[in-house]
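Just below is one structure, and these are the notes that go with it.
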Amino acid sequence: AQSVTQLDSQVPVFEEAPVELRCNYSSSVSVYLFWYVQYPNQGLQLLLKYLSGSTLVESINGFEAEFNKSQTSFHLRKPSVHISDTAEYFCAVRKAAGNKLTFGGGTRVLVKP
Amino acid sequence: DAGVIQSPRHEVTEMGQEVTLRCKPISGHDYLFWYRQTMMRGLELLIYFNNNVPIDDSGMPEDRFSAKMPNASFSTLKIQPSEPRDSAVYFCASSLGAGQSKNIQYFGAGTRLSVL
C-alpha cells in the first residue's frame with residue numbers, strides 16, 4: 001500500500017516570499033504523483049502532476065514540483081507567493097497501474113501581507 | 001463542461017435520519033469516486049465505480065453507508081441512519097478512464113454534512 005506524508009500542517013508566509021511544501025511518499029511499486037489545491041469552501045483542483053518524463057513539473061500559476069525517486073519526495077515550491085495562494089495543498093500518489101489516490105494530510109498555507 | 005456537480009452543497013440533519021448525497025460526473029468519464037474529508041482522518045476514499053459498477057468499496061465505514069450508480073451520469077451516497085460522527089465534507093470525483101493521462105481525477109465542490 002502507498003502512504004503520503006506532508007510534514008508541515010501549516011505554513012505561514014509573507015506575500016512575495018518563497019514557499020516550499022514538503023511531501024514524501026512510500027510505495028513498493030511505480031507511482032504517479034499529484035498536488036491538489038483546495039481554496040476555502042471549495043473542492044480540490046489539480047495543481048500539477050508527475051506521470052513520466054522530466055522530473056520537474058510546473059503549473060500555470062508559478063508553482064513547481066520536483067520528483068526525486070531516490071528520496072521518495074515530491075516537494076512543491078513557489079518563488080514568490082500572492083495573497084490568493086492562501087489555501088490548503090494536498091499531495092497525492094497513485095499506483096501507475098491503479099485508480100485509487102492516496103492523499104497526504106494537507107498543508108495549510110496562509111499568505112500574510 | 002460544467003465539471004463534477006454535487007448536491008446539496010450543505011446538509012444539516014438530525015441523528016437517525018437518512019441522508020442522500022448526489023453526484024453528476026463529467027460527461028464521458030468512466031470512473032466515479034466518493035471521498036470523505038474530516039479534520040481527524042483527512043481525505044479518505046470510500047468507494048469507486050467503473051462503468052457504473054462498484055469496483056472497490058473497502059473504504060466504506062460500515063453498513064449504514066451505501067452507494068449506487070444507476071447510470072453513467074448519476075451517483076448517490078446514502079447514510080441510514082446518520083450519526084454525528086458522519087459529519088464531514090463528502091467529495092465526488094470522476095476521471096476519464098485508464099491510461100496515464102486519462103486517469104486524472106476531477107473533484108466536485110463537495111457536500112458539507114452536519115449531523116446534529
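The values are calculated or read from the model by the stated rules, or taken from the named source; none is laboratory data. Bear in mind that the values here come from a model prediction, so they are computed numbers and not experimental data. A quick note on method: Cβ atoms are made from the backbone with ideal geometry, for glycine too, and the neighbour counts reach across all protein chains shown. Protein only, heavy atoms only, side chains kept; ligands, DNA and RNA dropped before computing areas. Shrake-Rupley method; radii C 1.70, N 1.55, O 1.52, S 1.80 Å.
The table that follows gives values for the structure above.
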item	result
FRET efficiency estimate (nearest 0.05) - Cβ-Cβ, B:Asn71 to A:Lys69, R0 30 angstrom	0.15
D (Stokes-Einstein, µm²/s), Kirkwood Cα radius, the protein assembly as shown, 1.567 mPa s at 4 °C	71 µm²/s
For chain A, diffusion coefficient by Stokes-Einstein and Kirkwood Rh (Cα), 25 °C, 0.890 mPa s, µm²/s	174 µm²/s
Dipole of chain A, positive direction: furthest Cα of A:Ala97, A:Trp35, A:Phe14, with charges on the beta-carbon	A:Ala97
Exposure rank, largest accessible area first [B:Tyr106, B:Tyr90; 1.4 Å]	B:Tyr106, B:Tyr90
Candidates A:Ala97, A:Ala17, A:Ala87: whichever shows maximal mean-square fluctuation once chain A is modelled as a Gaussian network with Cα springs under 10 Å	A:Ala97
Debye intensity ratio in log₁₀ form over the Cα atoms of segment B:24-113, taken at each q of 0.14 Å⁻¹	-0.47
Under 28 Å from B:Lys24, Cα to Cα: lysines that are on another chain or at least 8 residues apart	A:Lys49, A:Lys95, A:Lys100, B:Lys68, B:Lys78, B:Lys102
